[in-house]
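Right, one structure below, let's go through it.
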Amino acid sequence: MNNRLFTSSRSEMLIQSEIRNMSIECDNVGGINLSQGVCDLPLPDAVRQGAHLAIDEGFNTYTRYDGLQELREAIAKKAVKYNAIQCDPNKNIIVSAGATGALYSACLALLDPGDEVIIFEPYYGYHINTFNAAGVVSKYVKLKPPSWTFNIEEVEKAITPKTRGIMINTPANPSGKVFTREELKSLAELCNRYDLFVFTDEIYEYFLYDNGKHISPASMQEFNGRTITISGYSKTFSITGWRIGYCICDERWSETIGYVNDLVYVCGPAPLQMGVAKGINDLSDGFYSAISREYQEKRDRLCSVLKKIGLTPYVPQGAYYVLADVSSIAGATSKEKAMSILKKTGVASVPGSAFYHADGGDNLVRFCFAKKDPILNEACERLLSLKR
Ligand code: PMP
């Protein structure tokens, strides 16, 4: 009989994460891991207490497939206030297993194998792998450094009869790009003309620097209800392991996305949903503005060191990563360059090629600055040795 024990072709499409590889290399040398986007800062007390209380009070069973009422109501209030997105907690919100779960559910609910989605590169690898897992083909448009702008004609050229959507990530990982209203308007015009969905990952919505403003495409009339807004609290509350995210969209799509979410995840972790709801309800505006202040300070510290050692940073406007120009480091590929930095300094970064599908990123590496101050300071100290 023929061999029938093999892995699916779908799984073979998944790109192995270079981030995970660099983390292993980093552990091997006992280095400081600035490759992974895991913020190890403490979580807010209200969030922790909310989850504790929920466990003690017995919120330990399945929640509704689209999330706890308390959490959906809290998200809806926040969406109106912070994002200027009008939404009904009972019709437009699906709580999922992180932003990752929300995007996966939305893809399976709205896209068919063979459909195409346009994505900007440098991209966040999970977006590509989520599309790959759903059989959706990514079409790439390059963002141009230093300010990571795009050419709208190139976006239009990437559209084919199979195109169903555009993926936006603002503020973006890894570039830190914050999309401007003008850029979003130009994309909205295309999306209306070609009748496309807009998947918009806004997980870094509170990580904004130099007084930047976050604009949710869903708040703009121009997008006409075609937006699938994805976000969550992994980053804002420093709870990446809790797996609480959500999507907001028109009710034409939310029920189906909810069904997929139910099938794959059943629901987000019940007591942790309570913790996040308490956090959203109790924390003041000051908590969110402090995030920007605190992370801008970390960004500036790392960027000034990168400048000093000749790894010119593309100073990010948002999120908590910095892409640095590593042309001055010996090596044929960004992987060799990242390894060379790790060997010389014990600081791990991600090779730029991890954020591009073909060529690109060879002279880039990404550092994550969402680290406690003593760790970031030690990393900066070690990086400075490159100059000596
Ligand atoms: N989107 C982006 C752009 C990210 O960088 C990350 C984390 N690296 C996520 C989503 C993951 O979010 P979550 O933990 O809510 O799944």
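Please provide three numbers in whole Å: the alpha-carbon extents of segment 1-60 along the principal axes, with the largest listed first.
Cα extents, longest axis first: 57, 37, 18 Å.
Could you work out how much longer the chain between Ser304 and Ile375 gets when fully extended? Use 0.36 nm per residue separation minus the Cα distance between them, nm to one decimal.
Between Ser304 and Ile375, full extension yields 23.9 nm more.
Using Cα pairs closer than 8 Å and at least 6 residues apart in sequence, work out the relative contact order for segment 45-282, in percent.
Relative contact order, segment 45-282: 34 percent.
Mind pulling up the Rg/Rh value for segment 182-301? Radius of gyration and Kirkwood radius, both on Cα. Each step should come with its number before you reach the end.
On the way: Rg = 16.5 Å, Rh = 16.3 Å.
We get a ratio of 1.01 for segment 182-301.
If the cut-off is 20 Å between C-alpha atoms, which aspartates and glutamates fall inside it for Lys157, apart from same-chain ones fewer than 8 positions away?
Straight-distance partners of Lys157: Asp115, Glu116, Glu121, Glu182, Glu183, Glu189, Asp195, Asp359.
Students often get this wrong: which residues of segment 260-284 have the backbone nitrogen under 20 Å from the point 7 angstrom along Cα-to-C-beta of Tyr62?
Residues 260-274 fall inside that zone.
Could you run the Debye sum over the Cα atoms of segment 231-307, one equal point scatterer each and no solvent, and tell me log10 of I(q)/I(0) at q = 0.12, 0.24 Å⁻¹, two decimals?
Scattering profile of segment 231-307, log10 relative to I(0): -0.52, -1.15.
Would you list which aspartates and glutamates come within 15 Å of Lys372, measuring only between C-alpha atoms, while excluding same-chain residues fewer than 8 positions from it?
Leaving aside aspartates and glutamates fewer than 8 places away in the same chain, those within reach of Lys372 are Asp40, Glu294, Glu297, Asp300, Glu381.
Rounding to the nearest 20 debye, state how big the charge dipole of segment 194-293 is about its Cα centre with +1 on each Lys and Arg Cβ and -1 on each Asp and Glu Cβ.
The dipole of segment 194-293 has a size of about 340 debye.
Okay, helix-only estimate at 222 nm for the chain: each DSSP H run of n ≥ 4 adds -39500 (n - 2.57), divide by all residues, round to 500 deg cm²/dmol; what do you get?
Computed mean residue ellipticity for the chain: -12500 deg cm²/dmol.
Using a 10 Å cut-off on Cβ atoms, rank the peptides 353-361, 155-163 from the highest mean neighbour count down.
My ranking of the peptides, most packed first, is 353-361, 155-163.
Quick one: dipole size for segment 45-282, taken about the Cα centre, charges +1 on Lys/Arg Cβ and -1 on Asp/Glu Cβ, in debye to the nearest 20.
Roughly 260 debye for segment 45-282.
Using only the alpha-carbon atoms of segment 1-105, report the extent along each of the three principal axes, biggest first, to the nearest angstrom.
51, 46, 35
For segment 62-109, treating each Cα as an identical point scatterer without solvent, what Debye log10 I(q)/I(0) comes out at q = 0.16, 0.26 1/Å?
Rounded to two decimals, the profile gives -0.45, -1.02.
Could you give the distance between the Cα centres of segment 85-123 and segment 231-303, to the whole Å?
Each part reduced to its Cα centre gives a spacing of 14 Å.
When you take every Cα atom in segment 17-167, what is the radius of gyration, and what is Dmax, the widest Cα pair distance, in Å?
Rg and Dmax of segment 17-167, Cα atoms, are 19.7, 56 Å.
Percent of Cα-Cα pairs per 10 Å bin, from 0 to the last occupied bin, for segment 83-192, please list those.
Calculated P(r), rounded to whole percents: 13, 42, 38, 7, 0.
Can you tell which of Ala332, Ala51, Ala133 shows the greatest fluctuation in a Gaussian network model of the chain with Cα springs below 10 Å?
Checking each option, the largest mean-square fluctuation is seen for Ala332.
Stokes-Einstein diffusion coefficient for the chain at 37 °C in a medium of 0.692 mPa s, Rh from the Kirkwood formula over Cα pairs: what value in µm²/s?
Stokes-Einstein gives a translational diffusion coefficient of 153 µm²/s.
Can you report the principal axis dimensions of segment 231-388 using only the alpha carbons, biggest first, rounded to whole angstrom?
Reported extents, whole Å, longest axis first: 56, 39, 23.
Fewest Cβ neighbours within 10 Å first, please rank Trp242, Trp148 accordingly.
Numbers: Trp242 23, Trp148 20.
Ordered by Cβ neighbours within 10 Å, fewest first: Trp148, Trp242.
Laboratory data are not the source of any read-out in this text; all were calculated from the coordinates shown. Computed from a predicted structure; not experimentally measured. Don't worry about glycine lacking a Cβ; one is built from the backbone with ideal geometry, like all the others, and counts go over all protein chains shown.
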